[in-house]
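**Q** First the structure, then my questions, so here it is.
The values are calculated or read from the model by the stated rules, or taken from the named source; none is laboratory data. Not measured: the values here are computed from a predicted model. Note: ideal-geometry Cβ built from the backbone for every residue, glycine included; neighbour counts use all protein chains shown. Ligands, DNA and RNA are excluded from the accessible area calculation, which covers all protein heavy atoms including side chains. Shrake-Rupley method; radii C 1.70, N 1.55, O 1.52, S 1.80 Å.
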Amino acid sequence: MTSPEYSHHFSIENLPFGVASSQQHSQQCVTRLNNTVIFLGVLQQSGLFAQVQDLPGGVFDNSTLNDYAALSKSIHREVRETLQSALRQSGAEGLPSNSTENITAVQLHLPVSIPSFTDFSCSLDHIRNAGRAILNNEKPPPGFFHFPIGYGGRAGTISVSGTPIARPSGHFYDPSASTEDKHVIFGPSQAMDYELEIGVIVGKPVPRHQRLHAKDADEHIFGLVILNDWSSRDIQGLEMIPLGPLNSKAFGTSISPWVITLDALEPFKAPGPKSKVTPSIHLQETESPNYAIDLKVELQDGSNNTVVSESQAQDLYWSGRQMCAHLSSTGCNLQTGDILGTGTVSGSQEGSYGCLLEVTDGGKVPLKLSDGSTRVFLQDGDVIRMTGVVGSESSGVGFGECIGELKPAII
């Protein structure tokens, strides 16, 4: 069942979308007001959305949000406004009694069926921090200022928050061998890490060979989630030369269960970093392309909890709209439910680094936990909690949590 801890994230100004089930309700589309989960399939049957033109009958009875996400933004807005109007009039108590349950009584599921996953690297600070840690060179790759760099991930290993993640096994250099006598071994990764990201979920699809401009991409973005791109740094270090990450990232990715709409985030738009190079026409953005989302990473070890980092999404060099535009620029289609990750969201200062690779300077400076113990990389049993909120704590627009526990390798 689900923790009620983040009630204040889910005010009437938020109304995110997710998928849930319970003993009383089959798996269907839902929204959340504070700690009340509202079953939208039941609400649609009650006639609440009867005046929403072009809303397909039974669309909320589905076990994923894909059919709803693929609809036009005008329908999404009308549904949201209808919900807000009903809740302002009489609160959740005024809805049909069989349409609501407490958050602690439901099971949350992946909000969408995910055809593909593309992971980008949109943070200039992360590029520089990681470059210093690994290569002692913070110079970005030559393409970074021209387009958002990315690679194809594994959609089938994305799981909803709360799903345990098993330590992967793979090939890497034997860390016990001397520098001069490096040899490759196969076994459980000894350098497990997390990456704090934001996931962009595609709504209305973009057909193949139809180029999308960043300024028009909002129509095709259903919403955002918090994303943890679990990473094996030792496996990654060997396999990234020359092609890039594969098994070091393909074993598990976690996302938060609630999709936060762009309408809820609209009041919190913020300018991003100044472009170093004038982008190509299809990548040109508005003056405020980012959102002022405050992000936090906590590491839990038993009863101990350590805040590892706090960073801001508005510091991302490339926006979610630009990721969509870049991916479609070659003629690639975007499918409903596709997830595009921003890459690690980091700042330039200590305390704002979005992964342990940066926090520990490539393993050279161990992280000190609240109980006095240290980490260079994650240990089995460590729990990583990521959260995001916009505005003040009382603003009522947040993501809840994206949480996962690292389990021992499956031998």
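**Q** Beyond 23 Å, what percent of the Cα pairs of the range 323-411 remain?
**A** 49
**Q** With 22 Å as the limit, write out which pairs from Lys249/Lys269; Lys296/Lys368; Lys139/Lys274; Lys139/Lys296; Lys73/Lys249 have Cα-Cα distances beyond it, or answer none.
**A** Result: Lys249/Lys269; Lys139/Lys296; Lys73/Lys249 exceed 22 Å.
**Q** Given a Förster distance of 51 angstrom, what is the FRET efficiency for Gln51 paired with Ser392, based on the Cβ-Cβ distance and rounded to 0.05? Walk me through the numbers before you get to the answer.
**A** On the way: r = 34 Å, r/R0 = 0.67.
The calculated FRET efficiency here is 0.90.
**Q** Amide H of Ile198: which non-local residues (sequence gap of 5 or more, or other chain) have their own amide H closer than 5 Å, using H built in the peptide plane?
**A** Here Leu227, Thr342, Gly343 satisfy the definition.
**Q** So between His171 and Ser22, what do we pick up on full extension, going 0.36 nm a residue minus the alpha carbon distance?
**A** Here the segment from His171 to Ser22 would lengthen by 49.5 nm.
**Q** Given labels modelled 7 Å from the Cα in the Cβ direction, how far is it in nm from Gln379 to Thr286?
**A** Spacing of the two 7 Å Cα→Cβ label points: 4.7 nm.
**Q** Tell me the angle of helix 73-90 to the major Cα principal axis of the chain, expressed in degrees between 0 and 90 and rounded to the nearest ten.
**A** 70
**Q** Follow-up. Using the Kirkwood radius over Cα pairs, work out the Stokes-Einstein diffusion coefficient for the range 64-177 at 25 °C and 0.890 mPa s, in µm²/s as a whole number.
**A** It diffuses with D of about 124 µm²/s by this estimate.
**Q** Just need the Rg to Rh number for the range 7-109, please, alpha carbons only, Kirkwood Rh.
**A** 0.92
**Q** Compute the long axis of helix 124-135 from its Cα atoms, compare it with the longest principal axis of the Cα atoms of the chain, and write down the angle in degrees, 0 to 90, nearest 10.
**A** 30
**Q** Give the share of C-alpha pairs in each 10 angstrom bin for the range 133-285, from 0 to the last occupied bin, in whole percents, shortest bins first.
**A** All Cα pairs considered, the percentages come to 9, 28, 33, 22, 7, 1.
**Q** Let me ask something else. To the nearest Å, what is the center-to-center distance of the range 1-64 and the range 263-331, using C-alpha atoms only?
**A** 27
**Q** Could you order the peptides 336-342, 305-311, 53-59 from most to least packed, using the average number of other C-beta atoms within 10 Å per residue?
**A** Values: 336-342: 25.9, 305-311: 18.9, 53-59: 12.7.
With the highest mean Cβ count within 10 Å placed first, the list reads 336-342, 305-311, 53-59.
**Q** While we're looking at this one, here's another question. Average the reciprocal distances over every distinct pair of alpha-carbons in the range 154-200, invert the result, and give the Kirkwood radius in Å.
**A** Final number for the Kirkwood radius of the range 154-200 is 13.5 Å.
**Q** Compute the accessible area per residue over the range 128-211, keeping the other protein chains in place, probe 1.4 Å, unit Å².
**A** 54
**Q** Another question, then. Write down Rg/Rh for the range 47-91, rounded to two decimals, with Rg from the C-alpha atoms and Rh from the Kirkwood relation over Cα pairs. Provide the component values of the computation, followed by the final result.
**A** Values: Rg = 10.9 Å, Rh = 11.2 Å.
Reported Rg/Rh (Cα atoms, Kirkwood Rh): 0.97.
**Q** Related question: Determine the calculated [θ] at 222 nm for the chain from helices alone, applying -39500 (n - 2.57) to every DSSP H run no shorter than 4 residues and normalising by the residue count; nearest 500 deg cm²/dmol.
**A** Only helices count here, giving -4500 deg cm²/dmol.
**Q** How many nm is it between the label spots at Leu243 and Thr163, if each spot is 7 Å from the Cα in line with the beta carbon?
**A** With each label placed 7 Å out from Cα toward Cβ, I get 2.4 nm.
**Q** Okay, moving on. Considering Cα pairs under 8 angstrom that are at least six residues apart, work out the relative contact order of the chain and quote it in whole percent.
**A** Dividing the mean separation by the residue count of the chain yields 22 percent.
**Q** Of the heavy-atom accessible surface of the chain (probe 1.4 angstrom), what whole percent is carbon and sulfur?
**A** 49
**Q** Compute the label zone of Gln107 within the range 1-31: residues whose backbone N is under 19 Å from the point 7 Å along Cα-to-Cβ.
**A** 1-4, 18-31
**Q** Contour minus end-to-end for Lys269 and Asp218, with contour as 0.36 nm per residue of separation and end-to-end as the Cα-Cα distance?
**A** 17.1 nm
**Q** What length, rounded to one decimal in nm, is gained on full extension from Glu81 through to Ser63, with 0.36 nm per residue of separation minus their alpha-carbon distance?
**A** Stretched fully, the Glu81-Ser63 segment lengthens by 4.2 nm.
**Q** Determine, at each q value in 0.12, 0.13, 0.16, 0.20 (inverse angstroms), the log₁₀ of I(q)/I(0) that the Debye formula gives when each Cα of the range 231-336 is one equal point scatterer.
**A** One equal scatterer on each Cα of the range 231-336 leads to -0.67, -0.79, -1.13, -1.29.
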